[in-house]
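The values are calculated or read from the model by the stated rules, or taken from the named source; none is laboratory data. Here the structure is a predicted model, which means the values were calculated and not measured. Cβ atoms come from the backbone with ideal geometry, glycine included; neighbour counts cover every protein chain shown. Surface accessibility is based on the protein's heavy atoms, side chains included, excluding ligands, DNA and RNA. Shrake-Rupley method; radii C 1.70, N 1.55, O 1.52, S 1.80 Å.
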Amino acid sequence: MSSRVEPLRRPPRLGPGARVAVVAPSGPVPEERLQAGLDALRGWDLDPVAAPHVLDRHGEFDYLAGTDADRAADLQTAWCDPAVDAVICARGGYGVQRMVDLLDWSAMRAAGPKVFVGFSDITALHEAFATRLGLVTLHGPMAAGVDFLKNARAQEHLKATLFVPETVRTLASDGTALVPGRARGVTLGGCLALLAADLGTPHTRPSARGGLLCLEDVGEEPYRLDRYLTQLSRAGWFDGVSGLLLGSWAQCGPYEKVRALLADRLSGLGVPVAEQFGFGHCDGALTVPFGVTAELDADAGTLTLDEPALS
């Protein structure tokens, strides 16, 4: 495995009639939200199919959507089905860490490149798809997520990324530069807590060296964010990173406190840091492709992809 974050292979874009499998690798999925999500995807002229265990509930642990084995089987079966063009997660929550080691990565690699979409707990799968499959993935809204169902910006940005990715090669921030400057690298990242939890596991990269690291989180008090950032720093995971993009920090306390913490922990890296980039647990979340070479202009608040997310 390379010690630098390298560009990954881009899956084909979607077209009318493409079959999209919806899976639940993490938490339980409300049926009415799943149905609304499937309807929205049909409205895009896609052919969505719900995996067999998407609405399951774990018998003992109510924070899981069914058993680990069933959640893994749903994802693997969908990915290995030649009729399926994309796999979209229904929601996050918690559970990927328990099922990711049950996947047959050789079989999934043999199935070829496909579109994969999710965020939050799905961060661990973004890392695994990068290290095991070498594929670009999409950090974006999920099929049964409130943002996908209710927010036009989130829907339209994901739709454009899936169908006409060349139209969304530049992503713009709503904020300012925490640390000014420009940087080039390959995008990666996701939910801060999950990246910290992934350290030392078989499916994570040794560091973010050469990468444009995207970070966000939800519902974590500042001292917990401090702990995750400090853990990643002590583990050497930030060594050699090219730049950072910070997304949403919903329910993490007053933003000025979070901002001060982020500046304290990240400004010493000596690389550009751009804030409020509008991805993650926020209204109208943008879809960010992971695994593509891009340029970050922290002063202008833009991320410009060298090529579209999908081929």
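Numbers for the structure displayed
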| quantity | calculated |
| --- | --- |
| Where a residue in the stretch 1-21 is of a type in the set (Ser, Thr, Tyr) and its partner, wherever it lies, is surrounded by fewer than 15 Cβ atoms within 10 Å (Cβ to Cβ), with Cβ under 6 Å and at least six apart | none |
| Residues of the stretch 61-94 satisfying the condition of being of a type in the set (Phe, Trp, Tyr), in contact (Cβ under 8 Å) with a residue 24 or more places away in the chain and over 24 Å from THR161 (Cβ atoms) | TYR63, TYR94 |
| Residue under evaluation VAL218, criteria (1) in contact with a Leu (Cβ under 9 Å, 6 or more places away or on another chain); (2) open to solvent by 10 Å² or more (accessible area, probe 1.4 Å); (3) among the aliphatic types (A, V, I, L, M), criterion not met | (1) |
| Residue in the stretch 124-135 that is in a helix (DSSP H, G or I), touching a Pro at 6+ places or on another chain (Cβ under 7 Å) and farther than 22 Å from ALA18 by Cα present | yes |
| Pairs where the first residue, in the stretch 32-45, is more than 13 Å from PRO141 (Cα to Cα) and the second is in a helix (DSSP H, G or I), C-beta under 6 Å, 6+ apart | ALA36/LEU149; TRP44/LYS159 |
| Per-region count, the stretch 101-123, residues open to solvent by 10 Å² or more (accessible area, probe 1.4 Å), in a helix (DSSP H, G or I) and within 27 Å of ALA285 (Cα to Cα) | 1 |
| Pairs where the first residue, in the stretch 150-166, is in contact (Cβ under 8 Å) with a residue 24 or more places away in the chain and closer than 14 Å to VAL117 by Cα and the second is of a type in the set (S, T, N, Q) and crowded, with 17+ Cβ neighbours inside 10 Å, C-beta under 6 Å, 6+ apart | HIS157/THR287; LEU158/THR287; THR161/THR287 |
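For (1) surrounded by 22 or more Cβ atoms within 10 Å (Cβ to Cβ); (2) outside any loop (DSSP other than H, G, I, E, B), each residue gets a yes or a no:
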{"position": "SER267", "(1), (2)": "no, yes"}
{"position": "GLY280", "(1), (2)": "yes, no"}
{"position": "ALA300", "(1), (2)": "no, no"}
{"position": "LEU303", "(1), (2)": "yes, yes"}
